[in-house]
Amino acid sequence: MEAQFSFCDISIAGTLRPNARNELDLIVEKSNSYLGLWKEYNNIETQNILHKVQQFGWVRYDHHQILPNGDRRFHLLREDNLEEKLKMLFVDAEAFCMEASEHQPQVDTIEGRKSKSQSFYGQIENVDLYNLQIELRPANLDDNLSPPTKGFLFISLQGDITRLPRRQMAETLIRTATCP
């Protein structure tokens, strides 16, 4: 006995998939849709991140030291607007991670900050306005990443550079009804 048969997806997701794409297209066209709000939120967040990075810019340090607990203390060079920059960090230290580089960072775009090599970055533990020092706790003590002997400290975008494209990819997958 012979018979022809085929498999079809009769799961809820499978039965909704053809209609889901059409419904999502209609929802997206509305300005107040969830995906529209999601996209707008992502755009606003990206602009806010870029604004903070540009507002802070960078500070230069001439040396650093490793503290007994593994934190790094960076000794900053005095320059214009340094105190204002440090106050910005002092007020909202837990919101920022700092990155160290031998080269002056590019702060025009988030894409311009992508790097092929990993660099030292860490959470701000202390901002000393009087002695012009910043203490950073390395993001991962197991990485064995060391900052350059002297260089630049700037707001790190390492987490944002990973998170924002992931969020955009998720939105695209939902919008095209191709998410798992």
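Throughout, read-outs are computed from the coordinates displayed, never taken from laboratory work. Predicted model only: the values in this text are computed from it and were never measured.
Over segment 58-158, calculate the relative contact order: mean separation of alpha carbon pairs under 8 Å at least 6 apart, over the residue count, as a percent.
40
Just to be sure I understand the curve: with the Debye formula and one point per C-alpha of segment 58-158, what is log10 I(q)/I(0) at q = 0.14, 0.16, 0.21 Å⁻¹?
So the normalised log intensities are -0.48, -0.63, -1.13.
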